[in-house]
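Have a look at the structure below before the remarks.
Laboratory data are not the source of any read-out in this text; all were calculated from the coordinates shown. Being a predicted model, the structure only gives us computed values, none of them experimental. Neighbour counts are summed over all protein chains in view; Cβ atoms, including those assigned to glycine, are modelled from backbone coordinates with ideal geometry.
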Amino acid sequence: MNFDFSPRERELARLGRAFADEVLVPLEEATDRHGELPMELRAGVRQAVRDWGLAGINHGREHGGMGLTMVEQTVIEEQLGRVTNGLWSCVWRPPVSLKSGTPEQIETYLLPSIHGERRGAFAISEPDAGSDPRRVQTAARQRDGVWYLTGDKWFVTSYNASDFIIVHAHVDGDPDKPTLFLVDKPAAGMTHRRSPAFMHNFAFDHAELRFDDAPVPANRMLGEVGQGFEMTKDWFVEARLQIASHAVGAATRAAELANDYAANRHAFDRPIRDFQSIEFMLADMAVELFAAKSMLYRVAWEIDSGADRKTIHARASALKLYCSEAAGRIVDKAVQIFGGRGYMRENPVERLYRDIRVDRIWEGTSEIQRVVVGSQIRKRGMGVYTETAI
Ligand SMILES: Cc1cc2nc3c(=O)[nH]c(=O)nc-3n(C[C@H](O)[C@H](O)[C@H](O)COP(=O)(O)OP(=O)(O)OC[C@H]3O[C@@H](n4cnc5c(N)ncnc54)[C@H](O)[C@@H]3O)c2cc1C
């Protein structure tokens, strides 16, 4: 077994760290105060992503992407995860489902998205459908060769940074026909209801949209009728790995800041790290990070090594569950070590505390990840997770 990072992986991790420190960290406080990344700063950040060679991190060279392995993507994403306010999302990751488009869709949506000239938001969730996408009510009905979408979509992340939406709808209202549609903005029949405030102040908004018989040309269906869920599942694996990477990056930054603070903050004539209660917190933080990172790189490596889809699915759920929950525990301890200063918005650990809470909710809640892990164990045995060399 070789656990060494290659020179290329180290170089990419340094690139990710430098980009985070030099371009994104300086935007953190303005983003937090403003509620999202101010509009006037967005074009500059987009250009910086291109200038730093970070465009198309999750796509192959054949489409103009960086052509990275999953481990290579992960070393970058981990560093981006250190930044607060979801500013990591400035480094776009066009949905992998766009690769399944027609040559014309690839030309019109995927290639410009990789170059950062276009951006797509993903709209699956609805007022009455989150964990259970079969409850999606948005229906697509065809008349005279045109699709018409009707329904509500909630939590559409990056709507105000996007110029198209990938909408998950049920053809004829039939949950056995989940299908994806590419909807260009602005769209007739599509209304932006509102973009409510959330616990975190994220780089971009999370919008609520209403579709009222919104016409979508037949050539804007992505894949075929009924393929929507399979395509979304592929996106989930990638998104879960990305969340795990960010959670690890966020928790590492919080742990490092808390460790430095504990060495320098004095109480009762000694550095607070000399109190065993503080040292034990730092020890638990380090051990959880060690476990989370080990899991993260193992799953990324397994994807690169061609492990089968079911195994990857099973492990991506366990990974997202563990890393997001561990990050919650680690950042909470960091806030505690900082005392009152940990509760101040100007302190990155306070912002990280708000930011990482959603990692236990989006792209499948912790409960849903446990459902996946549990059903894998039931079907395939504990070995899915506990395999030994025997
Ligand atoms: C900031 C943010 C950004 C988001 N961005 C997007 C986006 O871009 N696009 C998009 O489509 N969606 C997005 N979402 C939606 C997100 O994916 C959903 O919130 C998530 O899937 C949970 O769905 P829900 O909120 O409807 O909760 P529900 O599904 O209603 O769940 C409520 C509670 O019940 C539990 N529960 C549900 N089913 C089970 C079960 N079988 N077993 C045990 N417990 C269960 C859940 O774990 C949870 O605790 C975003 C959400 C947030 C908060």
Whole-Å distance linking the alpha carbon centroid of the range 351-390 with that of the range 1-42 is 26
Sorted by Cβ neighbour density within 10 Å, fewest at the top, the residues 362, 92:
362, 92
In degrees rounded to 10, the 0-90 angle between helix 276-304 Cα long axis and the longest Cα principal axis of the chain is 40
In the Gaussian network model of the chain, springs joining C-alpha atoms below 10 Å, which of 239, 214, 267 carries the largest mean-square fluctuation?
267
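When the Kirkwood radius is taken over all Cα pairs of the chain, what Stokes-Einstein diffusion coefficient follows at 37 °C and 0.692 mPa s, in µm²/s?
Values: Rh = 21.9 Å.
Translational D for this selection: 150 µm²/s.
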Identify all lysines with a Cα-Cα distance to residue 333 below 25 Å; exclude those on the same chain that are fewer than 8 residues away in sequence.
293, 320
Taking only Cα atoms, what is the 0 to 90° angle, nearest 10, from helix 70-80's long axis to the longest principal axis of the chain?
70
Can you tell me which of 291-298, 336-343 comes out highest on packing, and rank the rest after it, using the mean Cβ neighbours within 10 Å?
291-298, 336-343
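Among 167, 183, 225, what is the fewest-to-most ranking by other Cβ atoms within 10 Å?
Values: 167 31, 183 24, 225 16.
Ordered by Cβ neighbours within 10 Å, fewest first: 225, 183, 167.
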Two-decimal log10 I(q)/I(0) for the range 7-93, as the Debye equation yields it once each C-alpha is a single scatterer, q = 0.21 Å⁻¹
-0.97
Tell me the angle of helix 39-51 to the major Cα principal axis of the chain, expressed in degrees between 0 and 90 and rounded to the nearest ten.
80
Which order results if 87, 111 are arranged by neighbouring Cβ count within 10 Å, fewest first?
111, 87
Lysines whose Cα lies under 19 Å from that of residue 99, excluding same-chain neighbours fewer than 8 positions away
233
If you average the alpha carbon positions of the range 140-171 and of the range 280-321, how far apart do those two centres end up, in angstrom?
34
Lysines with Cα under 17 Å of residue 379, excluding same-chain neighbours fewer than 8 positions away:
310
Restricted to Cα positions, what overall size does the range 120-226 have along the principal axes? Three whole-Å values, descending.
42, 28, 22
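Take the alpha-carbon positions of the range 229-386, form their convex hull, and give its projected area averaged over all directions (one quarter of the hull surface) in nm².
Details: hull surface 40.8 nm².
It is 10.2 nm².
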